[in-house]
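The block underneath contains the structure these notes are about, expressed in structure tokens.
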Amino acid sequence: MAPMVGEMGMICRRFKPHILMVLIHVGYMIMYLITDAAFSHGMNPHIFVTYRHVLGGLVMFPFAYFLERKVRPKMTLALFFEMFLLSLVGVSLTLNMYFASLEYTSPTFGTSMINVVASLTFVIPVALRLEALDARNARGIAKVVGTLISLAGVMTMTLYKGPEVRSWKGAPIHLNRSNSVHENWIKGPILAGASCISWSLWYIRQAFTLKKYPAQLSLTAWINLIGGAQSAAFTVLIQHKPAAWSIAFNNIDFWSIVYAGVVCSGITIFIQLWCTEQRGPVFVTMFNPLGAVLTALQSYFLLGERLHMGRILGAVVVIIGLYLVLWGKEGDQNHIKFQEKSDLTNDELQGCQLQQGTSKRDVP
């Protein structure tokens, strides 16, 4: 029994980042359900973004203050400016542009664009030589092919319907969605594309900021508080009705803000920062297509929405592509560990040689 428990513990430690990323997207899946109901109820998306991140920052602040008191670097003007830019591209700019794009396009188009983030986060670091890619190696090829396969799977889920699968009769939840979309297929795609580029840059910049400020709890609190303030300034410019900021404590609007703020803006960003530090931004974003799969399952079994074969086929393709990328990334981790061991061995040999040389000189 004991060896089995020990083996399970080793597996959990090895795949801890993978497990955490899956749990993150389960949390996002729940958030999509709650916020869908809140937006259908009439809540302003930009006000939701503001309240969500302010609450996330306030929740994470005490944990950051007490738990990272000894490891938190001193705040400087340059470091604060970097956090300001990180919050701008990751919170206020990205999310507000994304929600604005939905007003001019469709939810289907928006879903497909979100999942382009994973591909962009792979392509940009490779182009800037921040991500290792050996096209002659099987694992390097797997990362490229897996990224393309995942993107093809997501696009299949979004754009190809196929034959309809009978809806789940036992679905417990039914939402009345508003279909009022003011279509503008020039302005909408530009906003969606810009939000995806901004989102990708956010994931990439996290790795650089963590090297200068290796305190994930504190960085999470800063990103939320600064991003919430930026979003508030933007929302005030476009929302001139003070009544829109009023949230009742007994309806879905309030609970969607609480859940999204605590779980998705607080805990989730902290876990993402940890996973980025451990495995890099490409690893984190390659789980984004998994969110599309989970959302499709949620829509079918919980909301009773009609499911098409295109979404099922696309989900299978996404999983295959995700597996290929993770297999390729595992090769990167093994290479890093091998390099660390090689460097350690070389240092030990040099130390022994210096010690032997000193001993010979001391002999009369």
Residues that are in a helix (DSSP H, G or I) and open to solvent by less than 60 Å² (accessible area, probe 1.4 Å), drawn from segment 234-244: T235, A244
Residue match in segment 6-13 (condition: surrounded by 12 or more Cβ atoms within 10 Å (Cβ to Cβ) and among the hydrophobic types (A, V, I, L, M, F, W, C)): no
Selected residue (criterion: nearest to I204 (Cα to Cα)) from residues of segment 126-143 that are over 20 Å from the mean Cα position of the chain (by Cα) and surrounded by 15 or more Cβ atoms within 10 Å (Cβ to Cβ): A132
Hey, I204 touching a Phe, Trp or Tyr at 6+ places or on another chain (Cβ under 7 Å), under 27 Å from A78 (Cβ atoms), among the hydrophobic types (A, V, I, L, M, F, W, C) and assigned to a helix (DSSP H, G or I) or not: no
Among (1) modelled with pLDDT of 90 or more; (2) more than 24 Å from M286 (Cβ to Cβ) - the single one V181 does not satisfy: (1)
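Could you list all residues from segment 14-27 that are at pLDDT below 90 and either more than 14 Å from V284 (Cα to Cα) or crowded, with 18+ Cβ neighbours inside 10 Å (or both)?
Within segment 14-27, R14 is the sole residue that qualifies.
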Flag for M43 being part of a loop (DSSP other than H, G, I, E, B), under 28 Å from L294 (Cβ atoms) and open to solvent by less than 30 Å² (accessible area, probe 1.4 Å): yes
Cβ-Cβ under 8 Å pairs, at least 6 apart or on other chains, segment 147-161 side free of Cβ contacts under 8 Å to residues at least 40 places away in the same chain, far side buried (at least 24 other Cβ atoms within 10 Å of the Cβ): none
Subset of segment 260-318 that is farther than 13 Å from M21 by Cβ and in a loop (DSSP other than H, G, I, E, B) - its residue that is modelled with the highest pLDDT: L302
The listed residue being part of a helix (DSSP H, G or I), touching a Phe, Trp or Tyr at 6+ places or on another chain (Cβ under 7 Å), aliphatic (A, V, I, L, M) and under 30 Å from L322 (Cα atoms), out of M21, M29, M83: M21
Long-range neighbours under 6 Å by Cβ, at least six apart or interchain, first residue under 15 Å from L273 (Cα atoms) and in contact (Cβ under 8 Å) with a residue 12 or more places away in the chain within segment 11-25, second open to solvent by 70 Å² or more (accessible area, probe 1.4 Å) and in a helix (DSSP H, G or I): P17/Q278
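If we keep just the residues of segment 188-222 that are of a type in the set (V, I, T), within 14 Å of the chain's Cα centre (by Cα) and open to solvent by less than 20 Å² (accessible area, probe 1.4 Å), which is nearest to V117 (Cα to Cα)?
I204
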Number of the condition not met by S119 [criteria: (1) part of a helix (DSSP H, G or I); (2) open to solvent by less than 70 Å² (accessible area, probe 1.4 Å); (3) under 30 Å from G42 (Cα atoms)]: (3)
Residue satisfying condition, being more than 29 Å from R129 (Cβ to Cβ), open to solvent by 10 Å² or more (accessible area, probe 1.4 Å) and polar (S, T, N, Q), within set Q278, Q230: Q230
So G314, is it over 20 Å from the mean Cα position of the chain (by Cα) and open to solvent by less than 20 Å² (accessible area, probe 1.4 Å): yes
Members of segment 124-158 that are more than 19 Å from I320 (Cα to Cα) and assigned to a helix (DSSP H, G or I): I124, P125, V126, A127
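The values are calculated or read from the model by the stated rules, or taken from the named source; none is laboratory data. All values derive from a computational prediction rather than experimental measurement. Positions of Cβ are generated from backbone atoms using ideal geometry, with glycine treated the same way; all protein chains shown enter the neighbour counts. Heavy atoms of the whole protein, side chains included, go into the accessibility calculation; ligands, DNA and RNA do not. Shrake-Rupley method; radii C 1.70, N 1.55, O 1.52, S 1.80 Å.
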